[in-house]
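Scroll down for the structure; my scribbles are underneath it.
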Amino acid sequence: GKACPLFVPLVEEGLLEDRITDDMVDRYLSELKPYNVDSLVLGCTHYPLLMNPIKRYMGDSVTLVNPAYETAKELKNILQKKGLLNEKITTSTYDFYVSDGVDKFKSFADEVLPINVGCVNVVDIESY
């Protein structure tokens, strides 16, 4: 495991393809290069958004694993095996919930998601 605490703010600031991001990738991952790593698990929901700079730095011989994607694939398999997968859905609807920063979320989400984020619901975490 390797903590990369500045990756999250870089993603949240939209610095996905920026020199400072490349510098942080180098700083955090340089100690892994001598070990000829063949796979690297991107262990945070933000990290897959940095796949391009991480891939450039680590090289094509390193497989980057997005655990969110792999988890979704496995969930689909489980639902299919148990006969619980609803394959009749033809349109998708999305609901977005945040605890703060609606405008920042919408701006960021519109950049990284393949859909336009319309309504964002604010949740008061303190009420839970």
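The values are calculated or read from the model by the stated rules, or taken from the named source; none is laboratory data. The structure displayed is predicted, hence computed values, not measured ones. All Cβ positions, even for glycine, are placed from backbone atoms using ideal geometry, and neighbour counts span all protein chains on display. Quick note on the areas: whole protein, heavy atoms, side chains included, nothing else; ligands and nucleic acids left out. Shrake-Rupley method; radii C 1.70, N 1.55, O 1.52, S 1.80 Å.
Name the single residue, out of those in the stretch 67-90 being more than 28 Å from Glu12 (Cβ to Cβ) and basic (Lys, Arg), that is surrounded by the most Cβ atoms within 10 Å (Cβ to Cβ).
Step by step, filter the stretch 67-90, then rank; the result is Lys76.
Among what's in the stretch 1-22 and is assigned to a helix (DSSP H, G or I) and surrounded by 14 or more Cβ atoms within 10 Å (Cβ to Cβ), pick the residue that is farthest from the chain's Cα centre (by Cα).
By that ranking, first place goes to Asp22.
Select from the stretch 95-116 the residues that are modelled with pLDDT under 90 and within 17 Å of the chain's Cα centre (by Cα) and list them in ascending order.
Result: Lys104, Phe105, Lys106, Ser107, Phe108, Ala109, Asp110, Glu111, Val112, Leu113, Pro114, Ile115.
So which of Leu79, Leu84 ends up being more than 23 Å from Cys44 (Cα to Cα) and either in a helix (DSSP H, G or I) or in contact with a helix residue (DSSP H, G or I) (Cβ under 6 Å, 6 or more places away or on another chain) (or both)?
It is Leu79.
Only one residue in Tyr57, Tyr28 is out of contact with any Phe, Trp or Tyr (no Cβ under 9 Å at 6 or more places or on another chain) and of a type outside the set (D, E, K, R). Which one?
Numbers: Tyr28 fails: out of contact with any Phe, Trp or Tyr (no Cβ under 9 Å at 6 or more places or on another chain).
It is Tyr57.
For the stretch 23-33, give me each residue that is open to solvent by 50 Å² or more (accessible area, probe 1.4 Å) and under 12 Å from Ile54 (Cα atoms).
Listed by number, the residues that qualify are Asp23, Asp26, Arg27, Ser30, Lys33.
Is there any pair linking a residue in the stretch 41-66 that is loosely packed, with under 13 Cβ neighbours inside 10 Å to one that is basic (Lys, Arg) and part of a loop (DSSP other than H, G, I, E, B), with Cβ under 7 Å and at least six apart or on different chains, and which?
Filtered contacts from the stretch 41-66: no entries.
Between a first residue in the stretch 110-128 that is exposed (fewer than 10 other Cβ atoms within 10 Å of the Cβ) and a second residue that is hydroxyl-bearing (Ser, Thr, Tyr), which pairs have beta carbons less than 7 Å apart while being 6 or more apart in sequence or on different chains?
Here the result reads Ile115/Tyr94; Asn121/Tyr97; Ile125/Ser99, each pair linking the stretch 110-128 to a residue that is hydroxyl-bearing (Ser, Thr, Tyr).
I'd like to check something: does the stretch 37-53 contain any residue that is among the hydrophobic types (A, V, I, L, M, F, W, C), within 17 Å of the chain's Cα centre (by Cα) and in a loop (DSSP other than H, G, I, E, B)?
Yes; the residues of the stretch 37-53 include at least one that is among the hydrophobic types (A, V, I, L, M, F, W, C), within 17 Å of the chain's Cα centre (by Cα) and in a loop (DSSP other than H, G, I, E, B).
Is it true that Asp100 is in contact with a Ser or Thr (Cβ under 8 Å, 6 or more places away or on another chain) and either of a type in the set (Asp, Glu) or in contact (Cβ under 8 Å) with a residue 60 or more places away in the chain (or both)?
No.
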